[in-house]
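Enquirer: Below is a structure I'd like to ask you about.
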Amino acid sequence: MLSVRRSLVVVAVLLSPLAYAQSALKIGLVVPQTGALKGAGKDVASATIAWASENNRNGGLRGRKIDLRVYDDESSADGAKRAATKAISDGVELFVNCFGTVACIQIAKEAQAANLSLLGPIAGAEVLREAAFANVFSTRPSASQEMAAIFRYITTVGQTETTVVYQDDGFGKGYRDVLAKATESSKGFRIKNQFAIDINTRNFDDVAAKVVASGEAFSVVLLCNTPNSIAMINALSKRRYRGVNFNLAAQANSTFIAAVLPEVRTNKIVTSFVTTAPPPTSRASAAVGYRTGLASWAKDSEPGYVGMEAYLNAVVLEKLTDGFAPARIDATLKRHPRDGQIGGIPMTYQPEIRTLRGWLDIAVVSPTGQIRHQ
């Protein structure tokens, strides 16, 4: 559905520019369309396009047609900055969704300079939830909250420590830097070891050897993207490591599951995720809308957790009746009732970190390839 260029990609969704030039709501969506993260970018774009298209078919958002403009961040900070700058020059009124810490921070900076909001960064970076970025609003928990959920789960099965493997870049280091904060909520729990993956040398075998030599017997938490997670699990399997691998929601996708399923089926490994959005198969109205929207507008895309999160972020737009400027969004969300539903999901606004909290769970890949929630 998307027309991909090497630089910026702009897609107007079901909109005649001449007919709606004065009244259309221009929304900027900056996501990877090229580069290493383009797979996740496609999922985010497809979900957001499905939401916009369904709304436009029903008359738009509060009577305004949605002019969703998709820009390519090229899977890089510089690309994200260029894309956000272009979107602002095109007159977008706000940004919705973005993928990855590095890109989201750049988009947030450009949006802030223009007094525009960024709704729904798909990134756990703590900095995006600090007071300095008062224009950013999330539904995803912070990195430390994601990690704490994993650690609490590990303690429920009688374990008190884990080993962490992180990719040595902005994404991996961002999660690594909040590990101490995450352990505070799990009394007596500690990080036994930390090993870094050099993304230039791809030293997966060396890291796997260190994990095994350290005596790690139960769990490894992987703070890595999908390709690096797969490579790390393969390297651990070659070393006959048989523990549990914990991962992040963005890796709960069909590519990852297909890669690890043979090992899961033979009971050689257990692979789990912390998920930050409801299952795309659930009966929540947002999940139903997501599946229906993809079937109509993005038939080449499969429902997934990242797409579900992106769709839910877009649904939040339907609640913002007082406008999209940062101060107005904050004021609107502060009136949101505790555990008031958005998309059929109870969500509570935490104004100190400008986050709508509604979902945080552990899921496990089953031998049939399904994701089961604990």
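The values are calculated or read from the model by the stated rules, or taken from the named source; none is laboratory data. Just so we're clear, the structure is a prediction, and the values are computed from it rather than from any experiment. Positions of Cβ are generated from backbone atoms using ideal geometry, with glycine treated the same way; all protein chains shown enter the neighbour counts. Surface areas here come from the heavy atoms of the whole protein model, side chains and all, with no ligands, DNA or RNA. Shrake-Rupley method; radii C 1.70, N 1.55, O 1.52, S 1.80 Å.
Enquirer: What are the residues whose amide H is under 5 Å from the amide H of Leu94, where those residues sit 5 or more places off or on another chain and H is modelled from the backbone?
Expert: Amide H neighbours of Leu94: Gly28.
Enquirer: Still on this structure, I have one more. Indicate, rounded to the nearest 5 percent, the antiparallel portion of the DSSP beta bridges found entirely in the chain. Walk me through the numbers before you get to the answer.
Expert: Values: 14 of 49 bridges.
Restricted to the chain, the bridges split so that about 30 percent are antiparallel.
Enquirer: Exposed loop GluC sites (Glu not before Pro) only (DSSP loop, at most 14 other Cβ atoms within 10 Å): please give the longest stretch of the chain free of them, not including the sites. List each step's numbers first, then the result.
Expert: Numbers: sites that count: Glu130, Glu184, Glu352.
Result for the longest clean stretch: 185-351.
Enquirer: Select from Ala298, Ala363, Ala209 the residue whose mean-square fluctuation is largest in a Gaussian network model of the chain (Cα-Cα springs shorter than 10 Å).
Expert: Ala209
Enquirer: In the full protein assembly as shown, how much of Cys104 is accessible to a 1.4 Å probe, in Å² to the nearest 10?
Expert: Here the residue's solvent-accessible area equals roughly 0 Å².
Enquirer: Grab the other residues whose beta carbon is less than 13 angstrom from that of Gly60, score K and R as +1, D and E as -1, and report the net.
Expert: Working: positive: Lys26, Arg57, Arg62, Arg64, Lys65; negative: Glu54, Asp67, Glu318.
Net charge in that neighbourhood comes out at +2.
Enquirer: For the chain, modelled as a Gaussian network with Cα springs under 10 Å, which listed residue fluctuates most, Ala103, Ala295, Ala132?
Expert: Checking each option, the largest mean-square fluctuation is seen for Ala132.
Enquirer: State, as an integer percentage, the relative contact order of the chain based on alpha-carbon contacts under 8 Å between residues 6 or more apart.
Expert: Working: 772 pairs, mean separation 61.8, N = 374.
Answer for the chain is 17 percent.
Enquirer: What's the local net charge at Tyr349, with K and R +1, D and E -1, over the other residues with C-beta under 13 Å away?
Expert: On the way: positive: Arg129, Lys319, Lys334, Arg335, Arg338, Arg354, Arg357; negative: Asp330, Asp339, Glu352.
My count for the surroundings of Tyr349 gives +4.
Enquirer: Follow-up. So how many Å³ per residue does the convex hull of the Cα atoms of the range 52-210 work out to?
Expert: Details: hull volume 24.5 nm³, N = 159.
Roughly 154 Å³ of hull volume per residue.
Enquirer: Using square roots of five times the C-alpha gyration tensor eigenvalues, list the equivalent-ellipsoid semi-axes of the range 227-276 in whole Å, biggest first. Spell out each step's value before the answer.
Expert: Values: eigenvalues 58, 23, 22 Å².
Rounded to whole Å, the semi-axes are 17, 11, 10.
Enquirer: Now for a different question. Report the charge-dipole magnitude of the chain in Debye, nearest 20, computed about the Cα centre from +1 at each Lys and Arg Cβ and -1 at each Asp and Glu Cβ.
Expert: Details: 42 positive and 32 negative charges, 100 e Å.
About 480 debye.
Enquirer: Rounded to the nearest whole Å², what accessible area per residue is found for the range 24-124 with the 1.4 Å probe? Intermediate results must be reported in sequence, preceding the final value.
Expert: Values: 3030 Å² over 101 residues.
Counting only protein heavy atoms, the per-residue value for the range 24-124 is 30 Å².
Enquirer: Between Thr101, Thr281, Thr48, which gets the highest mean-square fluctuation from a Gaussian network model of the chain, Cα cutoff 10 Å?
Expert: The residue with the greatest mean-square fluctuation here is Thr281.
Enquirer: Could you compute the net charge surrounding Ala327? Neighbours are other residues with a C-beta less than 13 Å from the C-beta of Ala327; K and R count +1, D and E count -1.
Expert: Details: positive: Arg328, Lys334, Arg354; negative: Asp322, Asp330.
It works out to a net charge of +1.
Enquirer: If the limit is 19 Å between Cα atoms, which of Lys109/Lys319; Lys42/Lys319; Lys238/Lys268 go over it? Write out the running numbers ahead of the final one.
Expert: Working: Lys109/Lys319 24 Å; Lys42/Lys319 25 Å; Lys238/Lys268 11 Å.
Pairs exceeding the cut-off: Lys109/Lys319; Lys42/Lys319.
Enquirer: Under 10 °C and 1.306 mPa s, how fast does the range 284-350 diffuse according to Stokes-Einstein, given a Kirkwood radius computed over C-alpha pairs? Answer in µm²/s, whole number.
Expert: Details: Rh = 12.9 Å.
Using the Kirkwood radius from Cα pairs, D works out to 123 µm²/s.
Enquirer: Another question, then. Within the P(r) computed for the range 39-141, what percentage of the Cα pairs occupies the region above 22 Å? List each step's numbers first, then the result.
Expert: Working: 1458 of 5253 pairs.
Here the tail beyond 22 Å accounts for 28 percent of pairs.
Enquirer: For every helix of n ≥ 4 consecutive DSSP H residues, a contribution of -39,500 (n - 2.57) applies; sum these over the chain, divide by its total residues, and give [θ] at 222 nm rounded to the nearest 500 deg cm²/dmol. Let's see the in-between values first.
Expert: Working: 13 runs with 145 residues, N = 374.
Result for the chain, helices only: -12000 deg cm²/dmol.
Enquirer: Helix 101-113 versus the longest principal axis of the chain: what is the Cα-based angle in degrees, 0 to 90, to the nearest 10?
Expert: The two axes meet at around 30 degrees.
Enquirer: Also, I was wondering about something else. Show me, for the range 91-100, the HN-Hα J-couplings you get by feeding each phi into the Karplus relation (A = 6.51, B = -1.76, C = 1.60, θ = phi - 60°), rounded to Hz, glycine and proline as x.
Expert: Once θ is set to phi - 60°, the couplings for the range 91-100 become x, 5, 8, 6, 10, 10, 6, 6, 10, x Hz.
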